Amino acid sequence: MREPHALVTGAAGFIGSHLVDRLIDSGASVTGVDCFTDYYDPSLKRANLARAMTSPRFRLMELDLGAADLGALPEADVVFHQAAQAGVRASWGAEFAAYTHHNVLATQRLLERYRGAKLERFVYASSSSVYGDAERYPTAEDSVPRPFSPYGVTKLAGEHLALLYSRNFDLPVVALRYFTVYGPRQRPDMAFHRFARALLRGEPIVIYGDGCQSRDFTFIDDAIESNLRAWKHAAPQAVYNVGGGSQVEVLEAIRILERALGAKAELRFEPRPPGDPLRTRADAARIERDLGFRPATPIARGLEAEAEWARGLYAEARR
């Protein structure tokens with residue numbers, strides 16, 4: 001029986017690299033695509049792929065989806081489009097051009113490349129940022145999207161592009177709206193990574209706002225499971241919230257990390273920046289009903305796993 005072939009964009013990133021590892025473990029062959037932008041240290045991204053690079057079933061292609069000849073991309077059974085220019089706070093001002101390039105143009109060009117292909121699924125990584133300050137909580141997929149940041153606008157634009165290619169060209173698209181994914185390999189600009197790094201270095205933790213803002217946090221293993229279920233079981237043009245069922249306030253998350261790392265945080269409060277919603281919470285009834293997906297990792301266990309990973313990462317850096 002022929003092994004399935006998956007294409008993963010953003011393969012060296014936080015979520016993409018975990019997805020690559022899981023696909024290889026499941027018996028798939030994987031082509032990973034990444035352009036190694038300098039949004040954060042590319043050496044961290046290459047380290048994310050260290051395990052995959054030892055596998056004969058993995059191939060890495062370094063190219064910019066927004067500019068390269070995408071005819072070089074191979075045929076695949078499934079495409080997982082994880083690549084994006086991340087970050088809410090950085091998406092304002094002159095940096096917006098990078099967001100339109102990597103989140104909108106790159107998505108449209110990838111859809112064009114595969115619009116006539118016989119894919120089983122094209123899984124688009126969307127974001128809870130499309131909701132902004134949502135009209136209701138928990139937020140269901142039929143809520144009107146009202147992005148609160150330029151980043152959210154570009155992720156919603158990519159989602160709309162993917163779904164219209166599905167309607168016009170029968171491309172079997174599924175969109176997953178991630179709610180704040182965390183865990184080992186989390187990007188260094190994301191909150192839990194910043195908090196753990198500061199605790200390990202004895203530095204102040206900067207909190208934007210009063211620390212009472214809350215998020216629906218999703219552990220990385222659960223996010224990966226949602227992708228595999230979307231590939232195998234989701235109907236084309238379906239849109240799903242991927243929430244971890246762990247809504248906690250920022251200050252409570254810091255207390256969990258303090259216990260995990262055996263350190264006391266020094267807190268420094270700064271104004272809440274533009275584009276940062278006060279609250280997110282996923283209504284995950286649809287993904288549970290359709291795909292049988294339920295998150296398996298509670299926030300305390302997930303944060304302990306991220307803390308242990310961060311301890312190893314910054315111990316290595318001190319050597």
Can you tell me how many residues in the stretch 29-47 are more than 16 Å from Q82 (Cα to Cα) and among the polar types (S, T, N, Q)?
-> 2
Would you please name the residue that is surrounded by the fewest Cβ atoms within 10 Å (Cβ to Cβ), looking only at residues in the stretch 194-206 that are in contact with a strand residue (DSSP E or B) (Cβ under 8 Å, 6 or more places away or on another chain) and part of a helix (DSSP H, G or I)?
-> R194
Filter the stretch 233-269 for residues that are closer than 17 Å to Q213 by Cβ and touching a Gly at 6+ places or on another chain (Cβ under 8 Å) and give the result.
-> G244, S246, E249, V250, L251, I254, L267, F269
Out of (1) free of Cβ contacts under 8 Å to residues at least 12 places away in the same chain; (2) charged (D, E, K, R); (3) in contact with a helix residue (DSSP H, G or I) (Cβ under 7 Å, 6 or more places away or on another chain), the one D38 does not meet is (3)
Looking at (1) touching an Asp or Glu at 6+ places or on another chain (Cβ under 8 Å); (2) of a type outside the set (A, V, I, L, M, F, W, C); (3) part of a loop (DSSP other than H, G, I, E, B); (4) under 27 Å from V123 (Cβ atoms), which is the only condition G211 fails?
-> (4)
Output the qualifying pairs, or none if there are none: Cβ atoms under 9 angstrom, residues six or more apart or on different chains, first residue in the stretch 122-135 and more than 26 Å from K232 (Cα to Cα) and free of Cβ contacts under 8 Å to residues at least 12 places away in the same chain, second residue part of a loop (DSSP other than H, G, I, E, B) and of a type in the set (A, V, I, L, M, F, W, C).
-> E135/V144
Could you tell me which numbered condition I287 fails, if it satisfies all but one of (1) touching a strand residue (DSSP E or B) at 6+ places or on another chain (Cβ under 7 Å); (2) assigned to a loop (DSSP other than H, G, I, E, B)?
-> (2)
Of those in the stretch 136-186 that are among the basic types (K, R) and surrounded by fewer than 19 Cβ atoms within 10 Å (Cβ to Cβ), the residue farthest from A86 (Cα to Cα) is R167
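Got a number for residues in the stretch 222-272 being among the hydroxyl-bearing types (S, T, Y) and in contact (Cβ under 8 Å) with a residue 60 or more places away in the chain?
Counting residues in the stretch 222-272 that are among the hydroxyl-bearing types (S, T, Y) and in contact (Cβ under 8 Å) with a residue 60 or more places away in the chain gives 2.
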Which numbered condition D170 fails, given (1) under 17 Å from the mean Cα position of the chain (by Cα); (2) at pLDDT 95 or above; (3) acidic (D, E) | (1)
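The values are calculated or read from the model by the stated rules, or taken from the named source; none is laboratory data. Source: prediction; values computed, not measured. Every residue, glycine among them, receives a Cβ derived from its backbone with ideal geometry; neighbour counts consider all protein chains shown.
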